[in-house]
């Protein structure tokens, strides 16, 4: 029973991480893109839905393992591929089906437990905040960095100067010419005929 319990525990942990990611993304879209305030109660249905969808997937996996087990029963020839199971695979397929059923059962229990859903939403909120925090830190570090704080400043100086000459100054010259041309055209059209 220890090996099955470990596998079920791992499966649940992976599923919870996937659900947390789904809820985190909903939180980010809702609060940042849509400008809504964070309200944990608004994300509880999303957490339940994510867990139930993952439980459905685990049940489908269990059904697929059982179907493969039935097809493999009594077949003793050489397999022709990875998923071409034989009689010697029956025991492993039975174990896989039980493990998937165990994962589905635990996920459904968590989806029905308000405390578990609140914990999932809280973990997703923390993950969303961490993403925002990292993004802000990265942007502030890059945008506010002084040359004496940049370890690559000297090494990259020549490349930056070349980019300034070949790209930025060329663009500035082209923009200046275009503005002068537009100003001349405007002045010409404003002259009395």
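The values are calculated or read from the model by the stated rules, or taken from the named source; none is laboratory data. Remember, predicted model here, so these are calculated numbers, not experimental data. Because the Cβ atoms are built from the backbone with ideal geometry, glycine has one as well, and the counts that use them run over all protein chains shown.
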Taking the criterion of being within 23 Å of residue 26 (Cα to Cα), in contact (Cβ under 8 Å) with a residue 24 or more places away in the chain and assigned to a helix (DSSP H, G or I), would at least one residue in segment 132-155 satisfy it?
yes
Only one of these is touching a helix residue (DSSP H, G or I) at 6+ places or on another chain (Cβ under 6 Å) and either assigned by TED's automatic domain parsing to the domain that holds residue 126 or more than 21 Å from residue 131 (Cβ to Cβ) (or both): 86, 53, 3, 95. Name it.
86
Report whether or not residue 75 is modelled with pLDDT under 85, touching a helix residue (DSSP H, G or I) at 6+ places or on another chain (Cβ under 7 Å) and at negative phi.
yes
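Any idea how many residues of segment 1-45 are within 14 Å of the chain's Cα centre (by Cα) and more than 20 Å from residue 116 (Cα to Cα)? First the steps, then the outcome.
First, the residues of segment 1-45 that are within 14 Å of the chain's Cα centre (by Cα): 14-29.
Filter once more, so that each one left must be more than 20 Å from residue 116 (Cα to Cα): 28-29.
Adding up the residues that qualify gives 2.
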Surrounded by 12 or more Cβ atoms within 10 Å (Cβ to Cβ), within 22 Å of residue 3 (Cα to Cα) and touching a residue at least 24 places away in the same chain (Cβ under 8 Å) - does that describe any residue in segment 32-55?
yes
Any residue at all in segment 158-170 that's in the same structural domain as residue 18 (by TED's automatic domain parsing) and either touching a strand residue (DSSP E or B) at 6+ places or on another chain (Cβ under 9 Å) or outside any loop (DSSP other than H, G, I, E, B) (or both)?
no
Answer yes or no as to whether residue 128 is in the same structural domain as residue 27 (by TED's automatic domain parsing) and surrounded by fewer than 10 Cβ atoms within 10 Å (Cβ to Cβ).
no
Could you tell me whether residue 111 is surrounded by 12 or more Cβ atoms within 10 Å (Cβ to Cβ), within 30 Å of residue 11 (Cα to Cα) and free of Cβ contacts under 8 Å to residues at least 24 places away in the same chain?
no
